[in-house]
Every structure is written in C-alpha cells, then in structure tokens.
1. Hey, could you check region 153-169 for residues that are hydrophobic (A, V, I, L, M, F, W, C) and under 25 Å from the mean Cα position of the chain (by Cα) and say which is nearest to L181 (Cα to Cα)?
2. What about G166, is it over 13 Å from F205 (Cβ atoms) and in a loop (DSSP other than H, G, I, E, B)?
3. Could you tell me which residue of region 169-206 is surrounded by the fewest Cβ atoms within 10 Å (Cβ to Cβ), considering only residues that are part of a strand (DSSP E or B) and among the small types (G, A, S)?
4. Looking only at region 96-123, count every residue that is loosely packed, with under 12 Cβ neighbours inside 10 Å and modelled with pLDDT of 60 or more and tell me the total.
5. Confirm whether D28 is farther than 18 Å from L87 by Cα and either touching a His at 6+ places or on another chain (Cβ under 7 Å) or at pLDDT 85 or above (or both).
6. Just to be sure I understand, how many residues within region 50-60 are crowded, with 20+ Cβ neighbours inside 10 Å and modelled with pLDDT of 90 or more?
7. Can you pull out every residue in region 41-56 that is more than 13 Å from K85 (Cα to Cα) and touching a helix residue (DSSP H, G or I) at 6+ places or on another chain (Cβ under 6 Å)?
8. In region 30-43, how many residues are part of a helix (DSSP H, G or I), touching a residue at least 24 places away in the same chain (Cβ under 8 Å) and more than 13 Å from K71 (Cα to Cα)?
Amino acid sequence: MQATTDLTNTQWQVADAIARQLVLDQTDLNEFRKTISYLRAYGDRPDAGKKYFDYLNALTRNGDRIGHSKKTHGYLESITAICQKYLENYKDDADTMLQILGWAARLMQYYKVAGPIGEIPEPTIQSEREAEIQAVVTSQEFYEGQTLEAVITGIKGNKVTYEMLGTLRLTAREPKHAKDLSEGQIVTVEVTALKPDGSPKNVKFTG
C-alpha cells in the first residue's frame, strides 16, 4: 500500500499501525467503523478529539450495561486502547484524527482480505516534530565553528534556549550574556559540537 497525499508520512504510519494492531487483536471492523461514525458526526464540535476518547471509554466502561456481548466488549477495549495509544497527539485536531481513522479502517479491511499478517514488531513512529527535525538535518550540512541565526525561545537563570532554522532547539549556559538577552530576540550562535547524525549538539551566543 502506498501513502496518500492526504496524510503526512508520520500520519500514514499511525494509520497503518492502528490497522495492523486491530487485525492482530481480531477486532471487528464494523465496531471500529461505528466509533469513526461518532467522530464524523460530532467532529465540528469543540474538543471533538478529546470527546471521541471519552466516548470510547464510556463504551468500554458501560459495555455490559448497554447489552454488548462479551466479544463486542473485547472489541471495544481493543479499539479504545489502540486509538488512545496512537492518536493522543491528534486529540486537538479532529479533522486529522478522522482522516487517520478513515485510512486505518480501509487498511484494516485490506489486511483482513489479504490474509494473516503474522506478528509484527512494535512500529517506530516519528512524531511530527521529529520528522521536521530530520528533514532539516538531512537538508543542511553543519560544521563546528559555523554561525547560525537563532531566535531565543526561553531563558531560565543562565540557561538560554535557542531555535535555529525554525526547528532545531538547543539550550546553552550563557552566564555572561543571559541577563542581557530576552525571549523573542534574534541573535547569532556558533556551533561548538556536532551529534553523530551531523546535527548541532552544542551552540554558544556570539552576538
């Protein structure tokens, strides 16, 4: 299956992981689709993503009271646990959550038809921020002594946090300069050490 342009690579991995885990748990696809219908119906309401989680928890908690069979209750427990595990970062973005769930349902149907997928290792999913950082690191060549423009995003005591290239953030001790700096200020920093992946490990204020 190929990634859709509707999702970022990270979101595609999330959708795929949800689908695979649900299939491995032998979760009923129709029960999963019912929960998606709830989010689709109420997705334009405030806190829709959080309320989707509340809805899943309520279904699981009250499953026996509202006539669900033991098997259905197991399906709901699986759906709740897996969705909360993989969608926590999207609870404030109901539209994206709905897209991910929609593709997860399609993939789930595909995997069920394709036959047993066997045990799969726990997927390693980059966060959106990790993906952004990786993109910057691979597109730039850093070296010790290099100077970069940075925005000060935080100051705590003599520790100053710099953001470079709109993504990379590093905190450095600046005992001589911290008191004269302010958040939001644009400054120049020098790269003093690199990580094994070639990205800056340490920087210092230069002006």
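1. Looking at residues that are hydrophobic (A, V, I, L, M, F, W, C) and under 25 Å from the mean Cα position of the chain (by Cα), I get M164.
2. Yes: the conditions hold for G166.
3. A193
4. Filtering region 96-123 down to residues loosely packed, with under 12 Cβ neighbours inside 10 Å leaves 113-116, 118-119, 121-122.
When the remaining residues are screened for being modelled with pLDDT of 60 or more, the result is 113-115.
The total comes to 3.
5. So D28 fits the description; yes.
6. Our first condition is that a residue be crowded, with 20+ Cβ neighbours inside 10 Å; within region 50-60, this holds for 52, 56, 59.
Next, from what is left, pick out any that are modelled with pLDDT of 90 or more: 52, 56.
So the count comes out to 2.
7. Y42, G43, A48, G49, Y52, Y55
8. Pass one, region 30-43, residues part of a helix (DSSP H, G or I): 30-42.
If we keep only those that are touching a residue at least 24 places away in the same chain (Cβ under 8 Å) as well, we get 31-33, 35-36, 39-40.
After this cut, where a residue has to be more than 13 Å from K71 (Cα to Cα) as well, the list is 32-33, 35-36, 39-40.
Total meeting the criteria: 6.
The values are calculated or read from the model by the stated rules, or taken from the named source; none is laboratory data. Please read all numbers here as calculations on a predicted model, not as lab measurements. Because the Cβ atoms are built from the backbone with ideal geometry, glycine has one as well, and the counts that use them run over all protein chains shown.
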